[in-house]
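The values are calculated or read from the model by the stated rules, or taken from the named source; none is laboratory data. Values in this document were obtained by computation on a predicted structure and should not be read as measured data. All Cβ positions, even for glycine, are placed from backbone atoms using ideal geometry, and neighbour counts span all protein chains on display. Calculation scope for accessible area: heavy atoms of the full protein, side chains included, ligands and nucleic acids excluded. Shrake-Rupley method; radii C 1.70, N 1.55, O 1.52, S 1.80 Å.
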Amino acid sequence: MSEEKEEASFGVLPIYDEPEKRRDVPESPDASSQPEHHARAQLGEVAVPQQPLGSLRQHGPAYQEMTCVSPQQWAPQALDRSELPATWLSKAESKDAAGGFSPPPGAEFGQPCPSPGPSEEVLSFLRAIPPVPDDVVVRQRAPHKSWKVGRLCHGKKVYAVAVSGLTHHVYTCGHGYIRVWDESALHAWNQAPQAQLNFQDRDSCVFTCKLFPDERSLITGGLSQTLTLWDLVPTPRVRAELASTGPVCYSLALSSNAQICVACFKGFVEIWDLQNQILIRKHEVPVYGSQCVDITGNKFWTGGEDTKLYSWDLRSYQRLQQHDLRHEILSITHDPSEEWLLVGLRMSDIVIVHTHRKEKFKAVLQKYVCHHNLQFASCGSYFVATMNETIRCIAAPSLHRLFQVEESAHILCCDVSSDNQYLVTGSKNSATVYQLLY
């Protein structure tokens, strides 16, 4: 498969900073605003995103600089024919009408057609179906605010953090050791860790970690010649050390079944079979495009200082796509469905890329940042973006800002528990625990 390069053309999506001003805008995708958008585009007009009053003032001119799509959705949905304007009728339909074709009464241009009502047999069947109790209806929830409940004193910079949704244990990683915190420590401000896992080489430092989907294992990488596999239950211990060929691992990515791990080094990635603890391949990537990595399906994605997002085939190892994003890439993550990829840029913009279709959008914030972390919630209804000292919780796909928190120091990492109850951020010498309120 030949490599495909794409220019940096985006639909621009606003992040709504004042939720109370957009109550009339639905969160769920709705195609009702698209016919007008497409009609204006055909007439040559510039489409401006529908925004709450005052949002242009709040966000600055960045939102006015480019043609954009509907802000309520990331992907255009199929339109019902009744929503299409009359001018969009096909030529074949026009010929049928000219040839004497007579539509049924009321069928012209979206008028409801008369139809017989359901029979008494159908009505009696529907009446016999019991209502579904509210307590068994599964709804996607998104938090409306957070509550700072504790601080975990790691003692050194926290470069990576993982939080379990099953046990509510937190693992803070940095220079020389990993500290393990139980649930009681999450609601305290100066409690001692449950355990401390010291590295054999005291100069080793963990820059990245990934919790396995079953939350019984952890893999770490960083300033070390190894990737370390940890068993977390019944007590944390080293299961295996995988000898890597690079001095510093910048980022790790796990496949959804945790059988494949991609480790990112300067100029190459290592692809590991974790089940058999075998190095499958050492694969070269652009030297300045290997700071971040993620896996979606049979693809893995890399990005870094060269401002380009690359996608690669996990089976043939060929480069599939290249997106020029114009700014340095600091983080990559995907939604639970693995259909959408979020990319955090140095200018704090968030690029949203579809993993299969040629669709990409950008939420523009226009602020230079040193640290930009992205983490999608397991429920898929929101994600967390940390930019320097700021935490933003953003609904998906509406990009409605749920809440915003300011910390006193730069945030180096973050994680959300799989049960969507806790958000943990790591900074210069501690981790901060937030309970998410629904």
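Once the chain from LEU126 to LEU437 is taken as fully extended at 0.36 nm per residue, the excess over their C-alpha distance is 108.2 nm. Of the trypsin sites (Lys or Arg not before Pro) in the range 368-437, not one is in a loop by DSSP (not H, G, I, E or B) with at most 11 other beta carbons within 10 Å.
Take each peptide in 273-284, 326-337, count the other Cβ atoms within 10 Å of every residue, and average; sorted highest first, the result is 326-337, 273-284. Extension gain for LYS282-VAL233 works out to 14.5 nm (0.36 nm per residue, less the C-alpha to C-alpha distance). When the C-alpha to C-alpha distance is required to be over 27 Å, the pairs from LYS308/LYS367; LYS145/LYS299; LYS148/LYS362; LYS210/LYS308; LYS266/LYS428 that qualify are LYS145/LYS299; LYS148/LYS362. Rounded to the nearest 0.05, what FRET efficiency do ASN198 and ARG141 have when you use their Cβ-Cβ distance and R0 = 41 Å? That pair, ASN198 with ARG141, gives E of 0.55. Taking θ as phi - 60° and the Karplus parameters 6.51, -1.76 and 1.60, the scalar couplings of the range 281-293 work out to 7, 9, 10, 6, 10, x, 4, 9, x, 10, 8, 10, 8 Hz in sequence order, x denoting glycine and proline.
How large a share of the accessible area of the range 318-438, in percent, is made up of carbon and sulfur atoms when the probe is 1.4 Å and the other protein chains stay in place? Please report the intermediate quantities before stating the final value.
Details: 1560 of 3670 Å².
Of all accessible area on the range 318-438, carbon and sulfur atoms account for 42 percent.
Would you mind calculating the gained length between ASN429 and ARG357 on full extension (0.36 nm times residue separation, minus the Cα-Cα distance), in nm to one decimal? Walk me through the numbers on the way to the answer.
Numbers: separation 72, 0.36 × 72 = 25.92 nm, distance 4.19 nm.
Full extension of this stretch gives 21.7 nm more.
For the range 190-306, what does the alpha-carbon gyration tensor say about shape, rounded, prolate or oblate, given a ≥ b ≥ c as the root eigenvalues, a/c under 1.5 as rounded, and a/b over b/c as prolate? Since a/c reaches 1.5 and a/b is larger than b/c, the shape of the range 190-306 is classed as prolate.
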